Amino acid sequence: MTWQRDPGMPVPSWQGGDLHPGFRERESGRAGALLIGPKFSGAIQWAGRAWPGSDSPGGSAQLQAPWPSKQFLPVVVPVPGPVPLGLPAAPTATPTMGLELYLDLMSQPCRAVYIFAKKNGIPFELRTVELLKGQHYSDAFAQVNPLRKVPALKDGDFTLAESVAILLYLSRKYKTPDHWYPQDLQACARVDEYLSWQHTALRNCCIQVMWQKMMFPVFLGEPVPPETLAATLAELDRCLQLLEDKFLRNQAFLTGSHISVADLVAITELMHPVSAGCQVFESRPKLAAWRQRVEAAVGKDLFQEAHAVVLKAKDLPPADHAMKEKLRPLMQILLK
Amino acid sequence: MGLELYLDLLSQPCRAVYIFARKNGIPFELRTVELLKGQHLSDAFAQVNPMKKVPALKDGDFTLTESVAILLYLMRKYKVPDYWYPQDLQACARVDEYLAWQHTTLRRNCLRALWHKVMLPVFLGEPVSPQMLAATLAELDETLQLLEDKFLQNKAFLIGSHISLADLVAITELMHPVGAGCQVFEGRPKLAAWRQRVEAAVGEDLFQEAHKVILKVKDSPPADPTIKQKLMPGLLAMIR
C-alpha cells in the first residue's frame, strides 16, 4: 500500500516543512504521551482541529515542551493533519489507539522500522521524537520508553523498545512475507546472526563516524581531534570489509537471495556515514551493487523518503547553548 | 559429525549456550577453545569462525556465530519447552527486547568489570587506574539498576513467571563481575532472589559446573609475555 501525499497537506518538518506529523494530544488520565515540538508548544492539533491562538498547551495536556519554544507558529487554519502515515485522515475527534511508532528518522534503527512498516503496509501512527531537540529526555516519552531511546513502539497498552525486537514483533503480528525473517532454520539463523553482530560492530561504527565527522563540528561546533576521526574511519573500513567478506560474500543480499530485516538494518546504518560525506560505496562495488538491490527491493521512493532527514543533516543550523548542554552526556559517550 | 559447540566457559555467552544445551538435553560435542591461551586466534579455529570468537556452532556444514543466534537456532531445531522463547507475541517480544538491549549495556559492563578489576592487573600485569575502575563499576551499578527497574520489576523472571533465554543470558553475564569479586547481588535483594530462582530453574549442579571456570579466574597465573602480546590487541578492542 503506497501512501501518496495530498498536495494540499502540510509538509512534515522533517521533510522541510513546519508541521510535526503525529503530534496528538491525549486526554489527561489516558495512557499516552504528548509530544510537542518547540514550534508547537502554543498550538496543538487534535485530529484535524486546531486550537487557534492558544499560548499554552490545552488544559488536559500532560506535557509542556521542556525548553522554551524557539519559534511559535500558531496554526489557526484547520488542516487535515497531523495525519498518521499509512492511515486516512482521522475524521472524528477521538484519536485512534492503534499501533504507534515513536521514531526520529535521524536515527538508523528508526529508519529500518519505518521502512519495514511502510513497505509492508502496516498501519501505524507516526510519533516523531526529535533527538536533536532532546525530546527523548522528556518525562512524557519516558512513559513510553523508560530507556529514553528511539525507536519505541506502543500497541495499545503494550510498549516495546529495541529496533530488532520491534521489527520481529511487527513481522510476526502482521505476518509479513517470509523472506523478511524466514521460517527456514538456517536462513533465520543467518538473520539472527547479523542482527546480533551489528549491535557492537557496524552500528557503533556508523554512529561514531556520523557524529565525529559531522555532528560535532557542524551541529555542536565542537572540533574533533584528527587522530580520533582517523581511527574511527579506519574502524568503519574494517567493519565494511567484514560486512562484505563475512555476510554479503557472493550473495545478492546479506543472508541469501532475498532481502531480509538484516539488509534493512544494515543499509540504514550505512546511510549514516553516507550522510556525513563518507565514500562508503564508491570504492566498494560489491556493496554498491548490494545497495542498489536493497533500494530496488524497498522501493526507491520509500528509501528516499526515509533518508530525507539524515541526508540533510549537514545543513542543520548549529545547536544553541541549551541544546548543547542537553546533549552533553551523549557527546561524552560518542567521543570515547 | 553431529552438533559441535566451540566454547570457553570463561566467556559469558558461552556459558549461556552451554547451560541451554545441557539443560535441554541437546546432544553435542564440546570443543573447548581456551581464550587465555589464545586458541581462538589459531588458523584451525578460523576455519570454524573467521571472526575468531566464541561461542561458535558447527552443525554438519552449517557454522554459526553469535550466542543469541546460536541459542535461537538450538531452541528451534531441538524444540525445547515454550517458556525459553515463548510463542506468545508479546512475551517473545520481551525476550527479543532484552537480548537486543544487553549487547551494549550489561554485556559490555560485565566484561569491563572483570577485565578492569582482575584480568588486566592480575593476568596481564597491566595496572588499571582507580578512577577507571571506579567509573567501570559505577556504570555496572547503573546497568544493574536498569535491569531491576526496567526488566525484572516485580516479576519472578525477567519477562514473566517463567525462566527464558533472557534470564540465562543475563545471569551468565552477572557471574562475570561475581568472578571478579564484585558485590553484584549483595545489597540487591531483588536481584539476589531472582538469581536463586534462575539457579533453581537451571539446576544447581549444572549452574555450578558452568561457572567453575569464571569463579576461579582470579587465581589465574600471570600470562607469559608471548601470550600477552598475542591477546592484547583483541582484548583492548573487546573492552573498549
Please count how many residues of the range B:48-61 are within 8 Å of chain A (Cβ to nearest Cβ) and either within 18 Å of B:Ile19 (Cα to Cα) or touching a Phe, Trp or Tyr at 6+ places or on another chain (Cβ under 9 Å) (or both).
1
Kindly establish whether B:Leu174 is crowded, with 17+ Cβ neighbours inside 10 Å and modelled with pLDDT of 90 or more.
yes
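Can you work out which of the residues in the range A:226-235 that are more than 14 Å from chain B (Cβ to nearest Cβ) and touching a helix residue (DSSP H, G or I) at 6+ places or on another chain (Cβ under 9 Å) is most open to solvent (accessible area, probe 1.4 Å)? Break it down stepwise before answering.
Within the range A:226-235, the first condition is being more than 14 Å from chain B (Cβ to nearest Cβ), and the residues that meet it are A:226-227, A:229-230, A:233.
This time we only want the ones that are touching a helix residue (DSSP H, G or I) at 6+ places or on another chain (Cβ under 9 Å), so: A:229, A:233.
Numbers: A:Leu229: 42, A:Leu233: 61 Å².
For the range A:226-235, the residue satisfying everything is A:Leu233.
Would you please name the residue that is modelled with the lowest pLDDT, looking only at residues in the range B:177-195 that are assigned to a loop (DSSP other than H, G, I, E, B) and of a type outside the set (Gly, Ala, Ser)?
Looking only at the range B:177-195, we keep the residues that are assigned to a loop (DSSP other than H, G, I, E, B), and these are B:180-188.
Imposing the further condition that a residue be of a type outside the set (Gly, Ala, Ser) reduces the set to B:182-186, B:188.
Working: B:Cys182: 95, B:Gln183: 91, B:Val184: 95, B:Phe185: 96, B:Glu186: 94, B:Arg188: 96.
Ranking the candidates gives B:Gln183 first.
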Here is a list of conditions, (1) in a helix (DSSP H, G or I); (2) under 21 Å from A:Met214 (Cβ atoms), and A:Leu105 meets all of them except one; can you say which number that is?
(1)
Taking the condition among the hydroxyl-bearing types (Ser, Thr, Tyr) and open to solvent by less than 10 Å² (accessible area, probe 1.4 Å), does B:Thr105 pass?
no
Considering A:Ala165, A:Ala187, which residue is open to solvent by 20 Å² or more (accessible area, probe 1.4 Å), hydrophobic (A, V, I, L, M, F, W, C) and either over 21 Å from B:Lys150 (Cβ atoms) or not in a loop (DSSP other than H, G, I, E, B) (or both)?
A:Ala187
Give the range A:199-212 a look and list any residue that's touching a residue at least 40 places away in the same chain (Cβ under 8 Å) and either open to solvent by 10 Å² or more (accessible area, probe 1.4 Å) or at the interface with chain B (Cβ under 9 Å from one of its Cβ atoms) (or both), or say none.
A:Ala201, A:Arg203, A:Ile207, A:Gln208, A:Trp211
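Against the definition (open to solvent by 60 Å² or more (accessible area, probe 1.4 Å), polar (S, T, N, Q) and assigned to a helix (DSSP H, G or I)), how does A:Gln279 come out, yes or no? Reasoning before the result, please.
Numbers: open to solvent by 60 Å² or more (accessible area, probe 1.4 Å): yes; polar (S, T, N, Q): yes; assigned to a helix (DSSP H, G or I): no.
Here the answer is no, as A:Gln279 does not meet what is asked.
Kindly evaluate A:Ser257 against the criterion of being surrounded by fewer than 20 Cβ atoms within 10 Å (Cβ to Cβ), out of contact with any strand residue (DSSP E or B) (no Cβ under 8 Å at 6 or more places or on another chain), under 19 Å from A:Asp192 (Cβ atoms) and of a type in the set (Ser, Thr, Tyr). Break it down stepwise before answering.
On the way: surrounded by fewer than 20 Cβ atoms within 10 Å (Cβ to Cβ): yes; out of contact with any strand residue (DSSP E or B) (no Cβ under 8 Å at 6 or more places or on another chain): yes; under 19 Å from A:Asp192 (Cβ atoms): yes; of a type in the set (Ser, Thr, Tyr): yes.
Spelling it out, A:Ser257 is indeed surrounded by fewer than 20 Cβ atoms within 10 Å (Cβ to Cβ), out of contact with any strand residue (DSSP E or B) (no Cβ under 8 Å at 6 or more places or on another chain), under 19 Å from A:Asp192 (Cβ atoms) and of a type in the set (Ser, Thr, Tyr).
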What's the number of the condition A:Met215 fails, among (1) within 14 Å of chain B (Cβ to nearest Cβ); (2) out of contact with any helix residue (DSSP H, G or I) (no Cβ under 6 Å at 6 or more places or on another chain); (3) more than 30 Å from B:Asp59 (Cβ to Cβ); (4) buried (at least 23 other Cβ atoms within 10 Å of the Cβ)?
(1)
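Does A:Val274 fit the bill of being over 27 Å from A:Asp178 (Cα atoms) and assigned by TED's automatic domain parsing to the domain that holds A:Glu305? It would help to see each step written out before you state the result.
Numbers: over 27 Å from A:Asp178 (Cα atoms): yes; assigned by TED's automatic domain parsing to the domain that holds A:Glu305: yes.
Here the answer is yes, as A:Val274 does meet what is asked.
Residue-by-condition table, conditions (1) within 30 Å of A:Ala322 (Cα to Cα); (2) modelled with pLDDT of 95 or more; (3) charged (D, E, K, R); (4) not assigned by TED's automatic domain parsing to the domain that holds A:Leu126:
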site	(1), (2), (3), (4)
A:Val144	yes, no, no, no
A:Glu162	yes, yes, yes, no
A:Ser171	no, yes, no, no
A:Cys205	yes, no, no, yes
A:Trp211	yes, no, no, yes
A:Glu222	yes, no, yes, yes
A:Pro225	yes, no, no, yes
A:Glu244	no, yes, yes, yes
Please pick out the residue among A:Ala117, A:Ala140 that is crowded, with 23+ Cβ neighbours inside 10 Å, more than 11 Å from chain B (Cβ to nearest Cβ), hydrophobic (A, V, I, L, M, F, W, C) and assigned to a helix (DSSP H, G or I).
A:Ala117
Any residue at all in the range A:244-255 that is without any contact (Cβ under 8 Å) to a residue 24 or more places away in the chain, touching a helix residue (DSSP H, G or I) at 6+ places or on another chain (Cβ under 7 Å) and in a helix (DSSP H, G or I)?
no
Is it the case that some residue within the range B:116-123 is in contact with a Lys or Arg (Cβ under 6 Å, 6 or more places away or on another chain), more than 9 Å from every other protein chain (Cβ to nearest Cβ) and aliphatic (A, V, I, L, M)?
yes
Check B:Arg76, B:Arg94, B:Arg107 and return the single one that is of a type in the set (D, E, K, R), over 22 Å from A:Pro109 (Cβ atoms) and within 11 Å of chain A (Cβ to nearest Cβ).
B:Arg76
Could you please find all residues in the range B:196-240 being modelled with pLDDT under 90 and either within 14 Å of chain A (Cβ to nearest Cβ) or in contact with a Leu (Cβ under 6 Å, 6 or more places away or on another chain) (or both)?
B:Pro233, B:Gly234, B:Leu236, B:Ala237, B:Met238, B:Ile239, B:Arg240
What number of residues within the range A:285-306 are surrounded by fewer than 18 Cβ atoms within 10 Å (Cβ to Cβ) and under 18 Å from A:Cys239 (Cβ atoms)?
3
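From B:Leu36, B:Leu5, B:Leu41, which residue is buried (at least 22 other Cβ atoms within 10 Å of the Cβ) and either among the aromatic types (Phe, Trp, Tyr) or touching a residue at least 24 places away in the same chain (Cβ under 8 Å) (or both)? Break it down into steps so the answer makes sense when it comes.
Details: B:Leu36 fails: buried (at least 22 other Cβ atoms within 10 Å of the Cβ); B:Leu41 fails: buried (at least 22 other Cβ atoms within 10 Å of the Cβ).
Just one listed residue meets the conditions, B:Leu5.
The values are calculated or read from the model by the stated rules, or taken from the named source; none is laboratory data. Just so it is clear, the structure is predicted and the values come from calculations on it, not from any experiment. Every residue, glycine among them, receives a Cβ derived from its backbone with ideal geometry; neighbour counts consider all protein chains shown. Surface accessibility is based on the protein's heavy atoms, side chains included, excluding ligands, DNA and RNA. Shrake-Rupley method; radii C 1.70, N 1.55, O 1.52, S 1.80 Å.
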